[in-house]
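The values are calculated or read from the model by the stated rules, or taken from the named source; none is laboratory data. All of these numbers come straight from a predicted model, not from anything done at the bench. Virtual Cβ from ideal backbone geometry, glycine too; neighbours counted across all protein chains shown.
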Amino acid sequence: MTGDWYCKFDTFHPAVDNGLPITRVISRVELQGILAEGLDELIRNGERVTAFEDHGDGVTAVLESGERVHGDVLVGADGIRSRVRTQLLGPSEPTYSSYTVRSAREANAAAAR
């Protein structure tokens, strides 16, 4: 396994041509690694954000427990029905983008024995 892309596709022009936000593609595992690097003590898994307040110089996340957490940024990585995205951009239903991305890992031959 080389870690190279099998294929690449243009996400810029279709978005601009259709008045959509410009997106980029990155492996979820790679993105999680980038976000977690050096921030392990700040990442809180299993917490649900119900709302957030943008203060201009930072943001306060309101958790389902009622706790309020202040930080410099809030990464809305809370899935397809994201509460963060909904508050930021308004309500919307997921729509099929006409492309599908599949991800796979090659089995380790030594571990399979």
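Filter the range 40-66 for residues that are exposed (fewer than 11 other Cβ atoms within 10 Å of the Cβ), among the polar types (S, T, N, Q) and more than 21 Å from ARG81 (Cβ to Cβ) and give the result. If the condition is that a residue be exposed (fewer than 11 other Cβ atoms within 10 Å of the Cβ), among the polar types (S, T, N, Q) and more than 21 Å from ARG81 (Cβ to Cβ), then no residue fits.
Residues in the range 77-93 that are in contact (Cβ under 8 Å) with a residue 24 or more places away in the chain and either acidic (Asp, Glu) or part of a loop (DSSP other than H, G, I, E, B) (or both): ALA77, ASP78.
For the range 35-52, the set of residues classified as under 16 Å from LEU74 (Cβ atoms) and in a helix (DSSP H, G or I) consists of LEU35, ALA36, LEU42, listed by residue number. When the range 67-76 is limited to residues that are free of Cβ contacts under 8 Å to residues at least 40 places away in the same chain and touching a helix residue (DSSP H, G or I) at 6+ places or on another chain (Cβ under 8 Å), the one that is nearest to GLU93 (Cα to Cα) turns out to be GLY76. Exactly one residue out of GLU64, GLU41, GLU53, GLU47 is touching a residue at least 12 places away in the same chain (Cβ under 8 Å) and more than 18 Å from the chain's Cα centre (by Cα), and it is GLU64. Here the condition is being modelled with pLDDT under 75, surrounded by 11 or more Cβ atoms within 10 Å (Cβ to Cβ) and small (Gly, Ala, Ser); of SER82, SER97, SER103, it holds for SER97 alone. Keeping to the range 10-24, report how many residues are surrounded by 10 or more Cβ atoms within 10 Å (Cβ to Cβ) and at pLDDT below 80. Here the count works out to 3.
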